[in-house]
Amino acid sequence: MTIHLSIVLWLPLAAGVLALILPRAIARWMSLLGALCVLAYAIVLVADYDTARGGLQYVTDVVWIRSLGIHYKLGVGGLNLFLLLTTAIVFTAAALWSALREQDIPRPGLYAFLMGLAESGVLGAFLAQDLALFVVFFDLMLVPFYFLTLVWGGPDRGPAVLKLFIYTLVGSLLMLVGAIATGVLAAKGGTPTFVLSDLVRHPLTRGSQEWIFLVFALAFLIKMPAFPFHGWMPDGYQQMPIPVLAVFTAILSKVAAYGFLQVAIPLFPKAAVHFQELVMLVALASVLYGSAMAFTTTKARLILGYSSVAQLGFIVLGIFALNQRGGDGALLQSMNHALVAGPMIFIVAILAARAGGSEDIRDMGGGAVRAPVLAAVFLVLTYALLAMPGSANFIGEFFILLGVFQSKLAIAVVAFAGVAMAAVYALRFYIRSMHNRVGADVEPREISLRDGLVLVPMMLVVLALALYPQLALKRGDRAVTRAIAGAKLVQVNNTLAADRPQEAAR
């Protein structure tokens with residue numbers, strides 16, 4: 001079956017351009033139509049992907065800038081297949097949420113255009129098989145979020161966007177320098193190349209790998225965000241519009257995690273092994289700090305924001321376990337967290353609408369009896385967030401901790417504390433907002449049809465993945481093996497080199 005990835009990539013932007021010039025009443029529905037078309041394409045990709053053959057499929061490869069060796073190369077493999085589907089699901093939910101709330105979105109044409117640009121940027125980062133193209137899309141996907149927040153954000157959006165811009169600009173500029181250096185150094189005086197498959201076959205020296213790896217790692221850790229590079233997160237999360245925040249927290253952080261598996265570890269395996277413990281300690285600090293902050297803050301958005309810091313910490317731990325179990329778990333957990341974090345952000349808006357506009361959990365409470373459907377959907381997502389046994393999140397965290405246990409025992413033991421802390425902040429959020437005393441301004445009422453159209457399908461996807469996580473695990477298994485193969489070889493060589501002096505001494 002022939003699937004043109006360029007169509008998948010540029011469909012959201014094309015729909016956004018049409019929405020920009022169409023009448024206001026049609027613009028919001030054009031954005032939804034574009035997102036639905038991408039979702040349909042993504043489902044076909046998953047169904048048609050040849051798991052037995054594996055590897056990169058549906059490849060589009062055209063020389064873009066010949067003198068620099070830059071290609072417009074797109075492809076689908078085990079690493080990005082389900083991340084593409086997850087992206088399509090979350091963007092479709094955000095488009096539906098916005099389309100059903102015309103009064104909340106003035107200037108819908110511009111809004112639809114920026115959301116379409118954002119989705120094309122994210123899809124491009126996942127599909128890119130050229131390092132320069134990846135950097136372009138990695139930076140492009142952030143641009144619409146600046147304007148979406150500036151135009152439709154909260155009252156203090158100016159300083160929040162400025163802080164986000166400064167943090168991400170630093171990471172993006174450093175990544176650009178690292179990408180250029182990688183292409184030039186790999187060429188060894190010849191024509192530079194940025195195609196990822198070519199760069200893997202021309203590894204850099206250990207010294208070059210180390211400083212370039214640190215540059216990419218910093219950019220990815222800022223984007224996640226990870227502790228202590230999360231300074232932009234509290235202000236940014238509180239000022240973004242709800243559908244924009246749902247996409248941002250669910251999807252953009254996963255591009256950074258994907259970057260480690262797709263770019264940093266395969267291209268710089270010696271550096272990945274060298275800095276393994278450092279990155280894992282940063283990830284462990286994110287797990288503990290994010291969990292602690294999530295159950296001390298009372299602002300619903302920040303509970304989910306700090307929860308994301310902790311969950312991304314777990315994902316990075318799995319990636320840098322540098323073994324099969326950890327990598328499989330990290331890939332599955334990337335999908336799990338996105339599918340849970342998105343609808344949880346929508347639930348924050350629903351709860352705030354019933355609490356006089358307040359997003360403070362101390363102003364909520366008492367809605368479960370009069371809103372059993374809302375309470376049930378919220379409970380399912382809460383159990384998934386805390387990785388209750390029986391959920392796909394539990395499988396993801398289990399694989400991650402198993403991989404870390406096999407790699408770094410001490411870090412794994414401490415990381416187990418993050419699992420317990422997740423139960424505390426997730427249950428505290430649910431119980432305080434749905435049970436306990438009714439807040440002074442709370443008007444308990446059942447979930448509306450328009451909210452149900454967004455939340456219930458996403459909850460069903462979470463349940464389906466819990467019943468059959470192998471759907472994602474089987475398709476990503478070989479890709480994870482290839483991604484960490486170079487790092488595993490470096491580890492084996494280091495072990496053999498360490499054993500030789502001991503054998504000589506004996």
>> Would you confirm, using the coordinates I've provided, whether Ile7 is touching an Asp or Glu at 6+ places or on another chain (Cβ under 8 Å), at pLDDT below 95 and either closer than 27 Å to Ala132 by Cβ or aromatic (Phe, Trp, Tyr) (or both)?
In response: no
> Is region 227-241 home to any residue that is closer than 24 Å to Asn80 by Cβ, surrounded by 17 or more Cβ atoms within 10 Å (Cβ to Cβ) and among the aliphatic types (A, V, I, L, M)?
Replying inline: no
> Taking interchain pairs and intrachain pairs at least six residues apart, which have beta carbon atoms under 7 angstrom, with the first residue in region 441-469 and at pLDDT 85 or above and the second of a type in the set (Ser, Thr, Tyr)?
Replying inline: Ala466/Ser391
> For Val480, are the conditions met, namely being among the β-branched types (Val, Ile, Thr), buried (at least 21 other Cβ atoms within 10 Å of the Cβ) and either closer than 22 Å to Ala321 by Cβ or without any contact (Cβ under 8 Å) to a residue 40 or more places away in the chain (or both)?
Replying inline: yes
>> Tell me the residue from Phe137, Phe113, Phe82 that is within 28 Å of Ser197 (Cβ to Cβ), modelled with pLDDT of 90 or more and out of contact with any strand residue (DSSP E or B) (no Cβ under 9 Å at 6 or more places or on another chain), please.
In response: Phe82
>> One residue is enough: does region 227-234 have a residue meeting the conditions touching a residue at least 24 places away in the same chain (Cβ under 8 Å) and over 20 Å from the mean Cα position of the chain (by Cα)?
In response: no
> Give me the pairs: first residue in region 385-408 and under 26 Å from Met458 (Cα atoms) and in contact (Cβ under 8 Å) with a residue 24 or more places away in the chain, second residue hydroxyl-bearing (Ser, Thr, Tyr) and surrounded by fewer than 24 Cβ atoms within 10 Å (Cβ to Cβ), beta-carbon distance under 7 Å, and six or more apart or on different chains, which are they?
Replying inline: Ser391/Tyr383
>> Condition first: under 22 Å from Val90 (Cβ atoms), touching a residue at least 24 places away in the same chain (Cβ under 8 Å) and of a type outside the set (A, V, I, L, M, F, W, C). Now tell me which residues in region 115-156 satisfy that.
In response: Gly116, Glu119, Ser120, Gly124, Asp139, Pro144, Thr149, Gly153, Gly154
>> Only one of Leu317, Leu252, Leu288, Leu304 is part of a helix (DSSP H, G or I), within 19 Å of the chain's Cα centre (by Cα) and more than 28 Å from Arg475 (Cα to Cα). Can you tell me which?
In response: Leu304
> If we keep just the residues of region 273-325 that are in contact with a Leu (Cβ under 9 Å, 6 or more places away or on another chain) and charged (D, E, K, R), which is farthest from Leu409 (Cα to Cα)?
Replying inline: Arg301
> If you go through region 42-50 one residue at a time, do you hit one that is touching a strand residue (DSSP E or B) at 6+ places or on another chain (Cβ under 9 Å), in contact (Cβ under 8 Å) with a residue 12 or more places away in the chain and surrounded by fewer than 18 Cβ atoms within 10 Å (Cβ to Cβ)?
Replying inline: yes
> Under the condition of being part of a loop (DSSP other than H, G, I, E, B) and among the β-branched types (Val, Ile, Thr), which residue from region 189-208 is modelled with the lowest pLDDT?
Replying inline: Thr191
>> Please go through region 428-476 and give me each residue that is under 23 Å from Thr298 (Cβ atoms) and either of a type in the set (Ser, Thr, Tyr) or touching a strand residue (DSSP E or B) at 6+ places or on another chain (Cβ under 7 Å) (or both), ordered by number.
In response: Tyr430, Ser433
>> Please go through region 349-362 and give me each residue that is of a type in the set (Lys, Arg) and assigned to a helix (DSSP H, G or I), ordered by number.
In response: Arg362
>> Please count how many residues of region 144-188 are of a type in the set (Lys, Arg) and in a loop (DSSP other than H, G, I, E, B).
In response: 1
> Name the pairs: first residue in region 162-186 and within 22 Å of Leu204 (Cα to Cα), second residue basic (Lys, Arg) and surrounded by 19 or more Cβ atoms within 10 Å (Cβ to Cβ), Cβ to Cβ under 8 Å, at least 6 apart or on different chains?
Replying inline: Gly171/Lys223
> Taking into account only those residues within region 1-50 that are within 28 Å of Glu102 (Cβ to Cβ) and not in a helix (DSSP H, G or I), which is nearest to the chain's Cα centre (by Cα)?
Replying inline: Leu22
>> Only one of Leu68, Leu127 is over 20 Å from the mean Cα position of the chain (by Cα) and under 18 Å from Phe194 (Cα atoms). Can you tell me which?
In response: Leu68
>> Can you say whether Ile361 is crowded, with 19+ Cβ neighbours inside 10 Å, closer than 17 Å to Glu446 by Cβ, touching a residue at least 12 places away in the same chain (Cβ under 8 Å) and aliphatic (A, V, I, L, M), as far as the supplied structure shows?
In response: no
> Where residues in region 51-70 are in a strand (DSSP E or B) and not hydrophobic (A, V, I, L, M, F, W, C), which of them is surrounded by the fewest Cβ atoms within 10 Å (Cβ to Cβ)?
Replying inline: Asp61
>> Looking at (1) in contact with a strand residue (DSSP E or B) (Cβ under 6 Å, 6 or more places away or on another chain); (2) at positive phi, which one does Gly69 not meet, given that it meets all the others?
In response: (1)
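The values are calculated or read from the model by the stated rules, or taken from the named source; none is laboratory data. Keep in mind the model is a prediction, meaning the values are calculated, not measured. Note that we place each Cβ from the backbone using ideal geometry, even for glycine, and neighbour counts take in every protein chain shown.
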